[in-house]
Each structure stands twice: as C-alpha cells, then as structure tokens.
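What follows is one structure encoded as structure tokens, with my remarks underneath.
The values are calculated or read from the model by the stated rules, or taken from the named source; none is laboratory data. Note that the structure is a prediction, hence the values are computed from the model and not measured. All Cβ positions, even for glycine, are placed from backbone atoms using ideal geometry, and neighbour counts span all protein chains on display. In case anyone asks, the SASA skips ligands and DNA or RNA and just uses the protein heavy atoms, side chains included. Shrake-Rupley method; radii C 1.70, N 1.55, O 1.52, S 1.80 Å.
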Amino acid sequence: KAITQGDHPDVIEIDAASNNGVNEVRDLIDKVKYAPINAKYKVYIIDEVHMMTPEAFNALLKTLEEPPAHIVFILATTEPHKILPTIISRCQRFDFQRVDENDIITRLKYVLEEEKVDYEEEALAIISKLADGGMRDALSILEQCLAYDRHLTVENINKVYGLLSNDEKIRLIKLLLTKDMKNVLKTLDHMMSLSIDLKRLTQDLIDVLKDVIIFKNTQDLSLLFV
C-alpha cells in the first residue's frame with residue numbers, strides 16, 4: 001500500500017530522462033550504502049534507463065557488478081537496444097508483451113459498467129486498436145472520449161481522434177482506384193481541414209487493403225481483421 005501511495009522510504013524511482021549524468025549516478029551510489037528503513041531491500045527503479053549517458057552507465061557499472069546485499073535495481077526501458085551490453089549482461093531481463101486487444105476490451109467494459117456509462121461495442125474495439133497494446137493508453141483514451149461526451153459512440157471517438165469511419169475509408173479507396181488525382185487531392189485537403197490524423201488514416205487504409213488481399217486469395221471472411 002505504501003508503494004502504491006508513493007510514500008515507501010525504501011522504494012526510490014529515478015527518471016533517467018532528467019537525471020542521466022555522472023553526477024546524479026555518483027549521488028545515487030553514495031546513497032546505496034545505507035540500509036533500508038522499513039523493508040528487507042532498498043529498491044531503486046530507474047525509468048527510461050536508455051537515456052543515461054555512456055559515462056553515467058560506466059559509473060553505475062561497478063555498483064551493478066557488486067551491489068550491496070540489501071539493494072535491488074530495476075532498470076525500465078522501452079528501448080533495450082540502447083543499453084550497453086556490459087549493463088544488460090549483469091541483469092535479469094523481463095520483456096513485457098502488449099496486452100491482447102480482447103483483454104483491453106474486457107477491462108474497458110468492466111470500467112464502463114462500474115461507472116454506469118452507455119457505450120457501443122464497436123467503440124471499444126476502436127479504443128483497443130488505438131491503444132496499441134497499452135492498457136494505460138486505452139484508459140486515457142477512454143477518459144478523453146468520456147470528457148467529450150458521457151455516451152461512448154464510434155462517432156464521438158472519430159471526432160475526438162480525427163478518424164474516418166470504415167465507410168469513409170472505403171469511399172476514399174474507391175476514389176483512389178479511379179486515379180482521379182484532382183478529386184483525391186481535394187478530398188485529402190478537406191480531411192486536413194477537419195484535422196483528420198493522416199498517419200493513422202494511412203495505417204487504417206493498409207489494414208483495409210490487407211483484408212482485400214486476404215479475402216481475394218481465401219474467400220474466407222473469418223480471416224479478416226477489419
């Protein structure tokens with residue numbers, strides 16, 4: 001409970017993005033020698049550890065090689081390839097996977113039912129896709145959509161996040177197939193004026209076209225994503 005509340009004296013979180021230099025590491029090493037106050041171990045969580053400078057890593061290396069018995073270091077990163085091999089070789093590595101889309105939808109349903117909010121099933125699938133495997137991101141997106149309107153609909157998510165409906169995406173693909181560049185450019189211009197997220201749209205169009213290829217070759221609707 002104390003850790004969750006952020007007031008446990010033996011669990012220290014350090015953001016390496018803003019504390020990435022040699023001086024900060026030396027300061028950390030000085031404190032490491034002190035015994036824990038309440039717990040069996042003193043735990044240092046270094047977040048975004050890939051942001052540390054090579055010099056800071058080297059300064060930390062000696063302590064990682066021979067840490068005091070009461071110390072546990074947790075190095076968290078989204079970019080493990082940026083961490084020095086000498087550091088990685090001294091760590092146990094745990095890779096967290098993306099959360100399955102169905103698990104995200106199940107959790108969102110639970111939250112909405114607890115909050116007594118009406119929702120469209122399809123809206124949950126869209127949020128799950130936008131979250132890209134991140135449960136925290138899914139909840140943040142849900143919160144933003146509910147701040148816009150307490151009734152969760154596909155239309156509202158599309159407005160908040162600058163997305164097109166599936167019908168609109170298919171209309172755009174049909175327009176592209178006519179090779180009428182003037183109308184395509186005019187349509188894109190209109191989308192930009194509505195703040196449509198073009199990067200997201202490109203990815204969504206690829207998903208639709210991928211389904212077209214799959215169906216063309218298999219004639220099996222169960223294999224389709226969109």
(request) State the answer as a single residue: which of 130, 112, 86 lies farthest towards the positive end of the charge dipole of segment 85-147, with beta carbon charges of +1 for Lys and Arg and -1 for Asp and Glu, about the Cα centre. (result) 86
(request) Just the ratio, please: alpha-carbon radius of gyration of segment 121-203 over 2.2 N^0.38 Å, N its number of residues. (result) 1.21
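In debye to the nearest 20, how big a dipole does segment 16-58 give about its Cα centre with +1 on each Lys and Arg Cβ and -1 on each Asp and Glu Cβ?
320
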(request) Using a 1.4 angstrom probe, figure out how much accessible area the chain has per residue, in square angstrom, rounded to the nearest whole. (result) 68
(message) Ignoring ligands, DNA and RNA, please state the percent of accessible area on the chain from carbon and sulfur, probe 1.4 Å.
(response) 54
(message) Skipping prolines and chain starts, which residues have an amide H placed within reach, meaning under 5 Å, of the one on residue 14, given they are 5 or more residues away or on another chain?
(response) 45, 46, 47
(request) Take the chain, connect every pair of alpha-carbon atoms lying under 10 Å apart with a spring to form a Gaussian network, then pick out the residue of 198, 108, 142 with the largest mean-square fluctuation. (result) 198
(request) Would you mind checking the tilt of helix 181-193 against the longest principal axis of the Cα atoms of the chain, expressed as 0 to 90 degrees and rounded to 10? (result) 50
(request) Please find the FRET efficiency linking residue 91 to residue 143, where r is the Cβ-Cβ separation and R0 is fixed at 41 Å, and quote it to the nearest 0.05. (result) 0.75
(request) Place the peptides 77-83, 121-127 in order of packing, highest mean first, counting for every residue the other Cβ atoms within 10 Å and averaging per peptide. (result) 121-127, 77-83
(request) Rounded to the nearest Å, what's the spacing between the alpha carbon centres of segment 156-226 and segment 42-94? Just the number, please. (result) 44
(message) Shape verdict for the chain, please, from the Cα gyration tensor: rounded (a/c under 1.5), prolate (a/b greater than b/c) or oblate.
(response) prolate
(request) Would you please classify the overall shape of segment 1-77 from the alpha carbon gyration tensor, given that a ≥ b ≥ c denote the square roots of the eigenvalues, rounded means a/c under 1.5, and beyond that prolate means a/b larger than b/c while oblate covers the rest? (result) oblate
